[in-house]
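Accompanying notes for the structure given below.
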Amino acid sequence: MSDEGYEKQYIQEAFDSNWIAPVGENIEQFEKELSLKVGCSSAVALSSGTAAIHMALKAAGIGKGDIVFCPTLTFAATANPIIYEGGVPVFIDSNKETWNIDPKALEVAFHKYPNVKAVLVVHLYGLSADMGTIMRICQKYNVPVIEDAAESLGTLYKGQQTGTIGDYGIYSFNGNKIITTSGGGMLVSNNVEKLSKVRFWSTQSRDTARHYQHSELGFNYRMSNILAGIGRGQLKVLDQRVAKKRNIFEYYKNELSKLSGIEFMPVNEWNEPNYWLSAMTLNGKVSPLEIMETLERENIESRPVWKPLHMQPFFSEFDYIGGNTAESLFDQGVCLPSDTKMTDGDLERVVDVIKEVWR
Ligand SMILES: *Cc1c(COP(=O)(O)O)cnc(C)c1O
């Protein structure tokens, strides 16, 4: 979990100050330190990335019947909060150049649904979406952008941190993300007023009165002071983790891209990814399933690419705009083991097993 052990110190401080609660010094400091790190004016620490997406949608004014554009190639947690608010997702295809939301399909979606209320953008596996083009389109239609940067903390788009380019950004500190508090999330924005509203909603919407008074629906979504202490320690090692993840990706790419049919996830010139996961596609004679099963026999875990949301039984009633790019990335994709604790020997073993399949 920890690279340098600052977590224990911050947790100890929480115990010493008796703030073992969803208030306290670690929360305030974690919000400040993360804002400073990514470069935005305000942040609210929450219980999960999903809660952060929910609060971002609420801040953007999403309510019953409102349409929200959402990439199809992502984890279900991106789209579920649209449903929590009674909104209607419309799923959008990816393009091959970014694996993320396709600006051309986005334009088509705007023509079909001119009354859309918000656009969710995901930075899949730590690869930045084409934010310049996406922001130009969304500004033309005057629609707010929410960046689901759950997988991309530390990723830069043209030098700017993903999560801080749209109107709202969210990060996740779930156990499998690049830094973790075991579970948690953060909502960031330059709209300080809206974020103070989120702070209010996420602590049960308690009005400023001595008695318990509520004029709005409330949520219990704040991060605990203990977990914020873990987050502060983890944030200190983010750059180290990104460097290690980049090494892992480069090693796989050097070793495996010579094999016929293997192509690695696209890293554009404007994109400085955090390389959260190393993913590749196979379009040759070997299927992803064959690779995953061969690795499994060696006790090595690998994963398919996210199954597109428009193909999920739960979301099948909603509209989908685009072609079959996301679908073919799902059919051809494999996510390789990318944990920062992996040794050179571990990486060699993965590569050897895959090379063996080609022999
Ligand atoms: C992990 C993840 C989330 C959800 O974050 P939690 O903290 O687990 O709620 C949302 N979107 C994407 C793309 C994710 O990978």
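Is it the case that region 326-348 has a residue that's of a type in the set (D, E, K, R), at pLDDT 95 or above and within 28 Å of VAL68 (Cβ to Cβ)? Checking region 326-348: at least one residue is of a type in the set (D, E, K, R), at pLDDT 95 or above and within 28 Å of VAL68 (Cβ to Cβ). Scanning region 33-79 for residues that are assigned to a helix (DSSP H, G or I), more than 9 Å from the ligand (Cβ to nearest atom) and polar (S, T, N, Q) gives a single hit, SER35. What is the number of the single condition among (1) within 24 Å of PHE318 (Cα to Cα); (2) in a loop (DSSP other than H, G, I, E, B); (3) within 15 Å of the ligand (Cβ to nearest atom); (4) of a type outside the set (Asp, Glu) that LYS96 does not meet? Condition (3) is where LYS96 drops out.
A search for C-beta distances below 7 Å between a residue of region 167-194 that is without any contact (Cβ under 8 Å) to a residue 40 or more places away in the chain and any residue that is more than 8 Å from the ligand (Cβ to nearest atom) and part of a loop (DSSP other than H, G, I, E, B), counting only pairs 6+ apart in sequence or on different chains, returns GLY175/SER182. With the requirement that a residue be free of Cβ contacts under 8 Å to residues at least 40 places away in the same chain and within 14 Å of the ligand (Cβ to nearest atom), what does region 130-154 give you? The answer is GLU147, ALA149.
Among residues of region 249-273 being surrounded by fewer than 19 Cβ atoms within 10 Å (Cβ to Cβ) and of a type in the set (Ser, Thr, Tyr), the one that is modelled with the highest pLDDT is TYR251.
Just so you know, in region 101-125 the residues that are of a type outside the set (D, E, K, R) and in contact with an Asp or Glu (Cβ under 7 Å, 6 or more places away or on another chain) include one that is farthest from PRO266 (Cα to Cα), and it is LEU120.
In the set ARG199, ARG210, ARG246, only one residue is surrounded by fewer than 21 Cβ atoms within 10 Å (Cβ to Cβ) and outside the structural domain of LEU36 (by TED's automatic domain parsing); that residue is ARG246. From the list TYR168, TYR125, TYR113, the lone residue that is within 15 Å of the ligand (Cβ to nearest atom), outside the structural domain of LYS245 (by TED's automatic domain parsing), more than 30 Å from LYS341 (Cβ to Cβ) and aromatic (Phe, Trp, Tyr) is TYR168.
Here's the yes/no breakdown for (1) touching a residue at least 24 places away in the same chain (Cβ under 8 Å); (2) hydrophobic (A, V, I, L, M, F, W, C); (3) within 19 Å of VAL38 (Cα to Cα):
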{"residue": "ARG206", "(1), (2), (3)": "no, no, no"}
{"residue": "LEU217", "(1), (2), (3)": "no, yes, no"}
{"residue": "LEU227", "(1), (2), (3)": "yes, yes, no"}
{"residue": "GLN234", "(1), (2), (3)": "yes, no, yes"}
{"residue": "LYS244", "(1), (2), (3)": "yes, no, no"}
{"residue": "ASN268", "(1), (2), (3)": "yes, no, no"}
{"residue": "THR281", "(1), (2), (3)": "yes, no, no"}
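If you check SER224, SER182 for being within 16 Å of the ligand (Cβ to nearest atom), in contact with a helix residue (DSSP H, G or I) (Cβ under 7 Å, 6 or more places away or on another chain) and either outside the structural domain of ALA45 (by TED's automatic domain parsing) or of a type in the set (S, T, N, Q) (or both), only one passes: SER182.
The values are calculated or read from the model by the stated rules, or taken from the named source; none is laboratory data. None of these values were measured; they are calculated from a predicted model. Every residue, glycine as well, gets a Cβ built from its backbone with ideal geometry; the counts of neighbours run over all protein chains shown.
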